[in-house]
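A short reminder: the numbers here are calculations on the coordinates, not readings from a lab. Predicted, not measured: the structure shown is a model, and the values here were computed from it. No Cβ is skipped: glycine too gets one built from the backbone with ideal geometry, and neighbour counts run over all protein chains shown.
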Amino acid sequence: MASKGPPHWLRLVKAPVMIVNATGDILVAANAGARRILMLPADLALPCPLDMAIGDEASESLHAAAARRLEFRLVLTCRTRGGFRSLCFDAEPCAEGFTVTLGHPVPDERTWLESLEEVAAGLPIGLEIYDRDFRPLLCNEVSDHFFNYPGIRMDHHDDWWSIGFPDEDDRRHAFIEWQERIAEAREDQSRSRSAEWKVRCADGLDRHFEFRFRFVGDLYTVVFWDVTERRRLEEEWREFACTDVLTGLCNRRHFFEQGEIMRRNTDLGHEDLSLLMIDIDHFKAINDQHGHAVGDHVLRVVADRCSKALRLGDLIARIGGEEFAVLLPSTGSAESANIALRLNRVVADYPIECGSVVVDARISVGGATRTHQGEPLESLLDRADRALYAAKSNGRNRVEFSG
């Protein structure tokens, strides 16, 4: 294409300016500022098709606007050598076609913030945005619901810690964890960091929240949601998985899990370990004579009496039917025999009343003490079970120990 060269005035303009033809599809000329902002190759000769400078879609949009032969302003996503970028085109008619001043679009800050607030207000989770100095820029309705404390103005993120964490130890641990997460988030802004804390809320209640932290440029962004109910249900499920529903004691599964831990710990300390097996005498007859409701009540009372008679650190479980097991850490055969006798007495000394029914419950106890370090829990249980069988065979309501 023949060219007379760019107008003399174009080289004198510091702003990035280019000239396109009247149909808006040819880049006629561009000054140094325009070449720089469009990232044009130094050896690109002008005039040239406009799509070589800004990409097909942006070129078509500018071509359509030029057809009206009036001044126009567009914000277009352009394809340049540096990738896609958003640019503003302010065009006025001239002799060659259009003089186009280029620039980066400047958003209306008020409109942008209002739009963000509208979006944030509809979120079901808390959202807070802070500037680089941790001064609040935006807190949505969920955030206000939990943390807009009555009569307290918080002008800085630091103001929250003493209110949200009234306990000094909790506050110190949470703050240290937050500082660690913030350092990680600053170093790598491509990933969010997380933490979970129990926080005092505006209504005075403590709730568990899961937090996500991230920096977007200089903006510190926090999203969070209430996980109190989820944690409560998880705790219930954990308790349900570990607890015998009828008696409130731990169940067979939990007994063996904790028992294995006790066995290893006593092994490490070279300490004794004893195990008792307990069976309610003639329990089937109690059920047959008085019904299962009375039988269940007897189970609960026996479990409660035995549990209260044990020491802190002892482990008792209902392992099936009317059978119970007790682990006695750091306990030799003589002491465990005394504990077994005490359990026998606390059950036998007082009748069990259930409405108008009175049951004189008795228990048989079999016990065993570990004979060597490393003896498996199953072996200890088997020996205690054989001792229990001997107690029942020898007349019940008695204690027998494995030799």
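Observations, loosely collected:
- Using C-alpha pairs below 8 Å separated by at least 6 residues, the relative contact order for the chain is 9 percent.
- Residues 379, 59, ranked from the fewest to the most other C-beta atoms within 10 Å, line up as 379, 59.
- Prolate/oblate/rounded label for the stretch 327-403 (Cα gyration tensor, a/c 1.5): prolate
- Contact order, relative form, for the stretch 245-403: 30 percent (alpha carbon pairs under 8 Å, 6 or more residues apart, mean separation divided by residue count).
- Helices in the chain, meaning DSSP H runs of at least 4 residues, each add -39500 (n - 2.57). Divided by all residues, the mean residue ellipticity at 222 nm is -12500 deg cm²/dmol.
- Rough spin-label spacing in nm, given labels placed 7 Å along Cα→Cβ, for residue 386 and residue 92: 10.7 nm
- Lys, Arg +1 and Asp, Glu -1 on Cβ, resulting dipole of the chain about Cα centre, debye, nearest 20: 720 debye
- Chain lengthening between residue 25 and residue 257 when straightened (0.36 nm per residue, less Cα-Cα): 75.8 nm
- Per residue, the average separation of C-alpha pairs within less than 8 Å and at least 6 apart gives the stretch 109-231 a relative contact order of 25 percent.
- Karplus (6.51, -1.76, 1.60) ³J(HN,Hα), θ = phi - 60°, over the stretch 233-244, in Hz, Gly and Pro reported as x: 5, 4, 5, 4, 5, 4, 5, 4, 6, 9, 10, 6
- Alpha-carbon Debye profile of the stretch 243-401, log10 I(q)/I(0) at 0.09, 0.13, 0.17 Å⁻¹: -0.27, -0.56, -0.94
- Residue 153 versus residue 293: modelled label distance in nm, points set 7 Å from Cα along the beta carbon direction: 6.5 nm
- Bridge type composition, the chain - antiparallel percent by DSSP, nearest 5: 95 percent
- For the stretch 177-250 versus the stretch 297-352, the gap between their alpha-carbon centres in whole angstrom: 39 Å
- Rounded to the nearest 20, the Cβ-based charge dipole of the stretch 243-401 about its Cα centre (Lys and Arg +1, Asp and Glu -1) stands at 160 debye.
- Overall, the anisotropy analysis places the chain in the prolate class: the square-rooted eigenvalues a ≥ b ≥ c of its C-alpha gyration tensor yield a/c not less than 1.5, with a/b exceeding b/c.
- Quarter of Cα convex hull surface for the stretch 303-372, i.e. mean projection, nm²: 5.4 nm²
- Remark: 297, 156 ranked as 156, 297, counting other beta-carbon atoms within 10 Å and listing the fewest first.
- With only the Cα atoms considered, the stretch 1-91 has a convex hull volume of 94 Å³ per residue.
- Gain upon complete extension [residue 48, residue 67; 0.36 nm per residue less C-alpha separation]: 5.0 nm
- Of the residues 154, 142, 194, the one whose Cα sits farthest toward the positive end of the charge dipole of the stretch 109-231, with +1 on the Cβ of Lys and Arg and -1 on the Cβ of Asp and Glu, is 194.
- Radius ratio Rg over Rh of the stretch 347-387, counting only Cα atoms, Kirkwood formula for Rh: 1.30
- Estimated vicinal HN-Hα couplings, Hz - the stretch 200-215 in sequence order (Karplus 6.51, -1.76, 1.60; Gly, Pro = x): 6, 9, 4, 8, x, 8, 9, 9, 8, 10, 9, 10, 10, 10, 6, 9
- Range of Cα positions in the stretch 258-307 per principal axis (Å), largest first: 49, 16, 16
- Rg and Dmax over the alpha-carbon atoms of the stretch 82-222 stand at 20.6, 75 Å.
- Along the axis of the charge dipole computed for the chain (Cβ charges of +1 for Lys and Arg, -1 for Asp and Glu, origin at the Cα centre), the listed residues 379, 332, 126 are led at the positive end by 379.
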